[in-house]
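The block underneath contains the structure these notes are about, expressed in structure tokens.
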């Protein structure tokens, strides 16, 4: 019945900073951007090349994400890349701190983690397609 993940929704603490990170650093394409006056909130729809989307929200006074170690809820958001090392080097060139590349013992795939401006854990995962 389920075919794919359509979108992931993220609530940020600083809309302009997160907007710049997801569009300028990660290069996601803007589909729509709306200010919802009744909520004093922005909603930004972003597209990845495969058609999946990220919804970026701003909500005044939203509580911060619980810190690590493993908090309940979404653990991380993973992006498929063809070359983890090239993607890591590119992100570091953009001033983003990236963890060392690791090997997944179960799949044999390379992966690494970095964070968005609010500390949301994001993963680069090497994929064939």
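Observations on the model:
- Residue order, fewest to most surrounding Cβ atoms within 10 angstrom, among 112, 107, 23: 107, 23, 112
- With the helix formula -39500 (n - 2.57) applied to DSSP H stretches of n ≥ 4, the chain reaches a computed 222 nm mean residue ellipticity of -3500 deg cm²/dmol.
- Rounded tilt (10° steps) of 84-93 against the dominant C-alpha axis of the chain: 50 degrees
- Taking every alpha-carbon pair under 8 Å whose residues sit at least 6 apart, the chain reaches a relative contact order of 22 percent.
- Going from the residue with the fewest nearby Cβ atoms within 10 Å to the one with the most, 88, 36, 65 rank 36, 65, 88.
- Paramagnetic label reach from residue 86 (point 7 Å along Cα→Cβ; backbone nitrogen cut-off under 18 Å): within region 28-60, residues 28, 49-50.
- Residues residue 48 and residue 106, FRET efficiency given R0 of 22 Å [Cβ-Cβ distance, rounded to 0.05]: 0.35
- Using a simple spin-label model with pseudo-atoms 7 Å out from Cα toward Cβ, residue 5 and residue 41 lie 2.1 nm apart.
- Each of residue 55 and residue 127 was given a label point 7 Å from its Cα along the Cα-to-Cβ line. The distance between the two points is 2.1 nm.
- Whether the chain is rounded, prolate or oblate, judged on the alpha carbon gyration tensor where a/c under 1.5 counts as rounded: prolate
- Applying Stokes-Einstein at 25 °C and 0.890 mPa s to the Kirkwood radius of region 75-129, computed over alpha-carbon pairs, gives a translational diffusion coefficient of 217 µm² s⁻¹.
- Estimated inter-spin distance, residue 99 and residue 33, nm [label 7 Å along Cα→Cβ]: 3.2 nm
Quick note: the coordinates plus some simple rules give every number you see, no bench work behind them. Note that the coordinates shown come from a computational prediction; the quantities given were computed from them, not determined experimentally. Don't worry about glycine lacking a Cβ; one is built from the backbone with ideal geometry, like all the others, and counts go over all protein chains shown.
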